[in-house]
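Note sheet for the following structure.
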Amino acid sequence: MSTQETNSELAGLQTKALLVGALGLAAAAAGFAMDSEQFYRSYLTGYLYWLAPTLGCLGWTMIYHLTAASWGVPARRIWESAGRTMPLMGILAIPVVMGMQTLFPWARPEAVDDALIQAKVAFLNEPFFLARVVFYVVLWSAIGILLSRWSLQQDTEGPQPAIRKLRALSGAGLVLMALSLTFFSVDFVMSLDPHWFSTIFGFLFAAADLLAAMAFTVLAVRFLEKTDSLKKLVNVNTYHDYGNLLLAFIMLWTYMNLSQFLIIWSGNTQEEAPWYLERMGDGWLVISQALIIFHFALPLLFLLTRWTKRNPSRLVFVAVWILVMRFVDLYWLTQPSMSHGGGVHLHWMDLAVLIGLGGLWVGFFAMHLKDKPLLAKNDPRLAEVLEIAGGHH
Amino acid sequence: MSNLFCIAAEFDDEHKLLEACNKTRQAGYKNIDAYTPFAVHGIREALGQPATKMPWAVFAGGLLGLSVGFGLCYWVSVLELPYNVGGRPLNSWVSFIPVTFECTILLSAFTAVFGMFGLNGLPLPNHPMFNLPSFLRASQDRFFLVVESDDPKFEPSKVSAFLETLNPLEVREVEDE
């Protein structure tokens with residue numbers, strides 16, 4: 001596939017995705033007019049789902065610049081373009097802020113009667129929440145824009161000073177991302193149930209975002225592997241590396257979830273235990289068990305084998321599987337805290353928002369990707385990767 | 001009296017070695033081996049050796065560790081010393097998981113390490129290849145391809161002549177003692 005064909009293919013994807021996105025969001029807007037409370041609940045889950053590949057890809061870009069790992073070379077422009085959707089995701093945070101009083105118990109008037117919430121009011125209050133959201137959006141958008149801009153500067157002006165700047169940004173950026181994402185997960189997910197707390201939650205959230213972004217990377221690289229730019233770089237070893245990373249992050253997700261559960265189960269306190277009790281009753285128990293089997297055990301067994309990792313079609317299957325389970329996990333994290341004892345009721349708006357935001361996200365991703373060369377020129381690892389990929393098998 | 005162990009051809013880079021291995025395999029020699037200073041990608045296929053069974057052994061070791069770990073916890077907490085801790089059920093599987101996990105890792109790692117020794121035939125105090133003086137460089141910058149004397153097609157003069165056609169630095173016979 002020549003560069004011209006790649007561009008027209010991405011342009012086609014962009015148009016189709018934006019159309020799907022518009023239809024989904026139109027349906028969601030109609031839903032908003034009918035039942036705004038349900039809209040806000042559905043929107044939060046869908047928003048967190050599509051924010052994950054954006055933040056995860058920002059993370060992978062910076063990990064790449066710091067480690068200079070050769071497996072990052074083919075995916076680099078894909079990650080940069082995904083991270084470049086951050087300003088859009090920032091604008092899309094507005095409905096969550098609008099629905100604050102519906103979504104978050106601490107923002108409701110009756111919170112003044114709750115002693116536990118009152119003890120946390122210095123952090124959980126509307127103006128400070130708003131300020132934090134603005135801070136996250138500005139910080140992450142700046143990182144996304146700079147990673148992309150300096151990378152293109154490396155194409156046109158040579159490796160230096162672009163690489164030095166990218167490495168410096170990535171070092172500071174990863175630390176800032178880890179801290180800000182921790183606070184973000186407290187704000188957007190944990191504070192749905194303001195009595196509950198878990199200290200590992202931020203890292204759990206970040207690991208899940210990196211997992212989702214890596215599954216997305218497998219799909220994107222598979223989609224683009226026939227292009228002139230990538231066909232010399234991508235081979236079965238590339239997929240093997242991505243498969244190993246998926247395996248590592250599946251394990252990390254499970255490890256942290258179990259750590260959290262084990263500690264809360266052992267402690268058995270009034271503030272912490274109800275969060276899990278809610279997820280063990282009213283139909284949620286089945287989802288909890290399904291997460292163990294389908295988000296951990298089965299992907300683990302598949303990803304242990306070279307049979308999966310060295311076969312792109314099978315790895316794509318596992319990646320799609322993981323992306324589906326990411327939605328189940330986010331749904332399980334957020335919905336029980338909002339519907340308190342309402343059982344599991346997948347609403348049509350959950351899917352409308354998911355599809356609408358997804359179309360918008362994919363459309364903007366394709367728009368950012370089609371404007372730039374798929375291969376970063378002057379990449380310090382490019383020659384090495386070309387030699388390995390074109391090498392002697 | 002000493003017998004011939006193999007005939008060895010010496011190369012100075014891994015690409016020449018891989019090519020030579022491929023040609024030797026295609027010439028119909030079965031008992032061939034290679035000695036290299038580092039792991040050469042694709043050497044297994046070039047030598048025509050079957051894929052290792054180690055992953056399955058490690059997986060079995062892991063499953064055994066899993067059963068042993070969980071079984072140990074279950075036996076201690078439910079069967080041997082049933083003790084009421086804060087009213088929790090005796091079979092509190094959540095608290096068994098760290099032990100189960102560690103035992104899984106432990107037995108997988110043991111299987112991997114000792115299985116590797118077993119399949120490699122280690123420890124091995126000496127090896128006939130050390131009778132070849134230039135073999136010391138196999139751990140530095142030389143690559144050796146050998147055709148062993150128990151190969152069904154082995155005939156010293158023919159093997160030597162064949163190896164010479166692969167453009168090695170040197171072809172030498174190696175005695176077994």
Check your understanding: Limited to region A:258-277, what total is found for residues that are away from every other protein chain (no Cβ under 11 Å), out of contact with any Ser or Thr (no Cβ under 7 Å at 6 or more places or on another chain) and surrounded by 14 or more Cβ atoms within 10 Å (Cβ to Cβ)?
Key -> 5
Check your understanding: Given (1) under 26 Å from A:TYR242 (Cβ atoms); (2) free of Cβ contacts under 8 Å to residues at least 40 places away in the same chain; (3) within 14 Å of another protein chain (Cβ to nearest Cβ), where does A:GLN289 come up short, assuming only one miss?
Key -> (1)
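Residues are listed down the side, and each one gets a yes or a no for (1) at pLDDT 80 or above; (2) over 30 Å from A:LEU204 (Cβ atoms); (3) within 14 Å of another protein chain (Cβ to nearest Cβ); (4) surrounded by fewer than 16 Cβ atoms within 10 Å (Cβ to Cβ):
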| position | (1), (2), (3), (4) |
| --- | --- |
| A:PHE302 | yes, no, yes, no |
| A:TRP307 | yes, no, yes, yes |
| A:LEU315 | yes, no, no, no |
| A:HIS340 | no, no, no, yes |
| A:ALA352 | yes, no, no, no |
| A:TRP361 | yes, no, no, no |
| A:ASP379 | no, yes, no, no |
| A:GLU387 | no, yes, yes, yes |
Exercise for review: Mind checking which helices (runs of 4 or more DSSP H) fall wholly inside region A:216-305 and carry at least 2 residues that are closer than 30 Å to A:SER2 by Cβ?
Suggested key: A:236-267
Study note, to complete from the structure: Of the residues in region B:94-138, those that are within 19 Å of B:CYS6 (Cα to Cα) and in a helix (DSSP H, G or I) come to B:ASN120, B:PRO128, B:MET129, B:PHE130, B:ASN131, B:PRO133, B:SER134, B:PHE135, B:LEU136, B:ARG137, B:ALA138
Practice item. Please work out if A:LEU88 is under 30 Å from A:ASP379 (Cβ atoms) and of a type outside the set (Asp, Glu). Key: yes
Practice item. Would you check if A:THR61 is within 30 Å of A:LYS232 (Cα to Cα) and without any contact (Cβ under 8 Å) to a residue 40 or more places away in the chain? Key: no
Check your understanding: Filter region A:64-101 for residues that are β-branched (Val, Ile, Thr) and surrounded by fewer than 18 Cβ atoms within 10 Å (Cβ to Cβ); which is nearest to A:LEU374 (Cα to Cα)?
Key -> A:THR67
Review point. Considering only region A:105-141, how many residues are assigned to a helix (DSSP H, G or I), loosely packed, with under 15 Cβ neighbours inside 10 Å and of a type in the set (Gly, Ala, Ser)?
Key: 3
Check your understanding: If we keep just the residues of region B:96-133 that are surrounded by 15 or more Cβ atoms within 10 Å (Cβ to Cβ), under 20 Å from B:LEU63 (Cα atoms) and over 22 Å from the mean Cα position of the chain (by Cα), which is farthest from the other protein chains (Cβ to nearest Cβ)?
Key -> B:CYS103
Check your understanding: Could we say that B:ALA20 is under 23 Å from B:GLU175 (Cβ atoms), crowded, with 18+ Cβ neighbours inside 10 Å and within 14 Å of another protein chain (Cβ to nearest Cβ) here?
Key -> yes
Practice item. Could you tell me whether region A:363-372 includes any residue that is closer than 22 Å to A:ILE287 by Cβ and in contact (Cβ under 8 Å) with a residue 40 or more places away in the chain? Key: no
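The values are calculated or read from the model by the stated rules, or taken from the named source; none is laboratory data. Since the model is a prediction, treat every value here as computed from it, not as a measurement. Reconstructed Cβ throughout: ideal geometry from the backbone, glycine too, with neighbour counts over all protein chains shown.
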